[in-house]
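The values are calculated or read from the model by the stated rules, or taken from the named source; none is laboratory data. A quick note: this is a predicted structure, and the numbers were derived from the prediction, not measured. Surface accessibility is based on the protein's heavy atoms, side chains included, excluding ligands, DNA and RNA. Shrake-Rupley method; radii C 1.70, N 1.55, O 1.52, S 1.80 Å.
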Amino acid sequence: MTSFHINGRAVTVDAEEDTPLLWVIRDIIGLTGTKFGCGIGMCGACTVHVGGRPTRSCITPLASVAGAKVTTIEGLDPEGRHPVQQAWADLQVPQCGYCQSGQIMQAAALLAKNADPTKQEIVDHMDGNLCRCMTYDRMPKAIIRAAADMLAKSGA
């Protein structure tokens with residue numbers, strides 16, 4: 001049994017300690033927004049936050065999140081109104097959408113630690129999150145817009 005918090009609620013999961021967090025999230029907890037992509041932590045489709053840090057859930061064993069705070073795309077903003085989610089929709093970033101929950105989680109982690117990133121900082125931070133539809137040009141624009149929206153709301 002492993003206990004941790006997911007999207008603000010405490011959970012205890014009865015699964016092998018080496019079970020990938022991705023499968024715990026999807027198959028045991030029932031949150032399907034986090035996607036399986038490559039299974040080796042290289043594509044970023046499975047990105048969630050563990051303790052606020054972007055983490056590839058497909059290669060993260062359940063034991064490593066004991067007592068941790070995990071946030072999935074569903075927990076970023078239950079209404080889908082996080083500034084990154086809104087910018088993604090407003091600027092029509094996704095095409096197929098499959099990788100987008102991982103992209104959004106990666107971007108949100110960047111803005112949580114850097115409220116006003118440069119385009120190069122965005123490109124560097126997003127490197128490793130792959131998009132088969134090649135929407136790479138739209139993503140930095142959406143992140144810059146989300147950063148501006150967040151700064152405006154904070155009064156900075």
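The count of lysine pairs in region 27-156 with alpha-carbon distances below 22 Å, taking only pairs 8 or more places apart or on different chains, stands at 7.
A 1.4 Å probe run over the chain, with the rest of the protein chains in place, finds 52 Å² accessible per residue. Shape summary: region 23-103 maps onto an equivalent ellipsoid whose semi-axes, from the alpha-carbon gyration tensor, are 22, 15, 11 Å in decreasing order. The distance separating the Cα centre of region 109-156 from that of region 66-94 comes to 13 Å. Volume per residue of the convex hull around the Cα atoms, evaluated for region 78-119, comes out as 86 Å³. Compactness of the chain, taken as the C-alpha radius of gyration over 2.2 N^0.38 Å, stands at 1.02. Between 0 and 90 degrees, the angle of helix 138-154 with respect to the longest Cα principal axis of the chain falls at about 90 degrees. Helices in the chain, meaning DSSP H runs of at least 4 residues, each add -39500 (n - 2.57). Divided by all residues, the mean residue ellipticity at 222 nm is -9500 deg cm²/dmol. For region 78-156, the carbon plus sulfur part of the accessible surface works out to 51%, probe radius 1.4 Å.
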